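Remarks on the structure that follows.
The values are calculated or read from the model by the stated rules, or taken from the named source; none is laboratory data. Since the structure is predicted, the reported quantities are computational estimates derived from the model, not experimental observations. Cβ placement follows ideal geometry from the backbone for every residue including glycine, while neighbour counts extend to all protein chains displayed.
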Amino acid sequence: KDELERELDRAKKMPLDEKFMDTEVCGSVLRGGISRMPVEDVMDELELDLKELKRKVRLNDVDQELHRAFASHDEYMETEVLHGYSQMTWRKDAIIALWRESNALIAQTVAYEIVDDIINYMLEGWHFGERQSKLQLAGYVPSIRKDRALRPSDSHTRAAGEVIASGASAKAVEDHMANELIPRAYREEKWKVLDKRADGREAARKAVEAGSALDHNITQTENTMKFGLFLLTLEYFRGMSQLRQQRDLWGGESNEAALAGGDKALVTRERAQMKLAATERERRQRSIAKAETKAKAGFDRRARLAEAEQMRARIKLR
């Protein structure tokens, strides 16, 4: 964390005329990316790495307090990680709050790892342009995964490291070559002359020479545009999903149907309060109407009694 903060402070103090800088701290560089990056990209990536690191540290603190809450037999306990300061609360309430916070942090961590896995998979699949793979293991390796081909993340596991260190992958290729399981037509020495001629003709036909600075800039621009389109598509579908959720939540039709069906999980708190207020208002109006009816009947009865009393008084006077 201190190293990331020092690198971020160094990026913020870069002169304004400096558009690029070299770094060895960013997560993309540690995963095998280029070390020379734009200053703004370095700052954004360092802030993202710091945010992810703080989230993992908070998840560790939440798990420790949650385990302490489960292990305790007292009715109340002291918590600090939820609000940043010490407070006493009921143990059951603390377990519920810590459990929700832990689930939220785990969901965020898993989502970030899934997106990173997808991007690495697309990078290895040349979705962002052709590149030389840096993975030492790929394809179907039964000793690591028997049900499917290896993913980029599987090539960095302990089992993959043991296979690479033991030299089993290189030995398997040599055995296949010796047993004629790999056709000789694919051997490099067989096609070296033809490949050299083809590469020469291809280089002569190209408007941009391979390996030149212009070729490097064009390739980098193309990869950046593809990655930007991927992020735009991801944000579009995410925005559409959130918009659909808000439409269903605040539209009213689903709320009325949920209230009628008794499913309170689909109703917002404001909608439930409005429904309760309308029900109370109708109840009060019925009570007022009932009271007014009783009062009117009482007044009518009182008027009839007064009229009868006056009639009896007139009869006596006669």
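List every residue pair whose Cβ atoms sit under 8 Å apart, with the two residues 6 or more apart in sequence or on different chains, where the first one lies in the stretch 197-225 and is more than 15 Å from ILE34 (Cα to Cα) and the second, anywhere, is aliphatic (A, V, I, L, M) and at pLDDT 80 or above.
If the second residue must be aliphatic (A, V, I, L, M) and at pLDDT 80 or above, the pairs left are VAL208/ILE218.
Quick one: how many residues across the stretch 58-103 are closer than 27 Å to LYS1 by Cα and touching a Phe, Trp or Tyr at 6+ places or on another chain (Cβ under 7 Å)?
So the count comes out to 1.
Failed condition for GLY239, given (1) touching a Ser or Thr at 6+ places or on another chain (Cβ under 8 Å); (2) at pLDDT 90 or above, with all others met?
Of everything listed in (1) touching a Ser or Thr at 6+ places or on another chain (Cβ under 8 Å); (2) at pLDDT 90 or above, GLY239 misses just condition (1).
Quick one: would you say PHE70 is surrounded by fewer than 17 Cβ atoms within 10 Å (Cβ to Cβ) and touching a strand residue (DSSP E or B) at 6+ places or on another chain (Cβ under 7 Å)?
no
Given the conditions (1) in contact with a Leu (Cβ under 8 Å, 6 or more places away or on another chain); (2) more than 25 Å from THR219 (Cα to Cα), which single one is not true for GLN108?
Every condition holds for GLN108 apart from (1).
Given the conditions (1) closer than 29 Å to GLY27 by Cα; (2) assigned to a helix (DSSP H, G or I), and given that ALA94 satisfies all but one, which numbered condition is not satisfied?
The one condition ALA94 does not meet is (1).
Could you look through the stretch 36-79, keep only residues that are hydroxyl-bearing (Ser, Thr, Tyr) and in a strand (DSSP E or B), and pick out the one that is farthest from the chain's Cα centre (by Cα)?
Taking the candidates together, the pick is TYR76.
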